[in-house]
């Protein structure tokens, strides 16, 4: 049986509280003021997933190479870091796609994709992934 330390439990509770607060306000209620400022030493990709299934986040760097940044569960919030070496290569593209089995009726080529972006340390992208993917939003947050 795995036991959690008090510090781990506090961190987990804080993340749950933040995720709950962001999700209950809805995409229209979330503002830059409600979000923490980006870390000044890295580029962040923040995903608020209101879609009916988990989503997977991919980054395509300036050389065309794809990088799997991670998975965001349904009704979850995650902050993902873009490696500085990748950001230094130049413009990159972020893709957020539903993470469902191939046989699922939700499986399609749909998703959210940015154009080529060049972000500096201290900047972040906020993705609000909505139930209807066409209603999803992307916001650039500068430090």
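The values are calculated or read from the model by the stated rules, or taken from the named source; none is laboratory data. Predicted model, so just to flag it, every value in this text is computed and none were measured. Heads up, the Cβs are rebuilt from the backbone with ideal geometry, glycines too, and the neighbour counts pull from every protein chain shown.
Miscellaneous remarks
- Of the criteria (1) modelled with pLDDT of 55 or more; (2) in a helix (DSSP H, G or I); (3) at positive phi, which one residue 87 fails: (3)
Residue-by-condition table, conditions (1) out of contact with any strand residue (DSSP E or B) (no Cβ under 8 Å at 6 or more places or on another chain); (2) at pLDDT below 95; (3) farther than 15 Å from residue 133 by Cα:
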{"residue": "52", "(1), (2), (3)": "yes, yes, no"}
{"residue": "64", "(1), (2), (3)": "yes, yes, yes"}
{"residue": "96", "(1), (2), (3)": "no, yes, no"}
{"residue": "104", "(1), (2), (3)": "yes, yes, yes"}
{"residue": "108", "(1), (2), (3)": "no, yes, no"}
{"residue": "121", "(1), (2), (3)": "no, yes, yes"}
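- Flag if residue 77 is touching a helix residue (DSSP H, G or I) at 6+ places or on another chain (Cβ under 6 Å), modelled with pLDDT of 95 or more and surrounded by 15 or more Cβ atoms within 10 Å (Cβ to Cβ): yes
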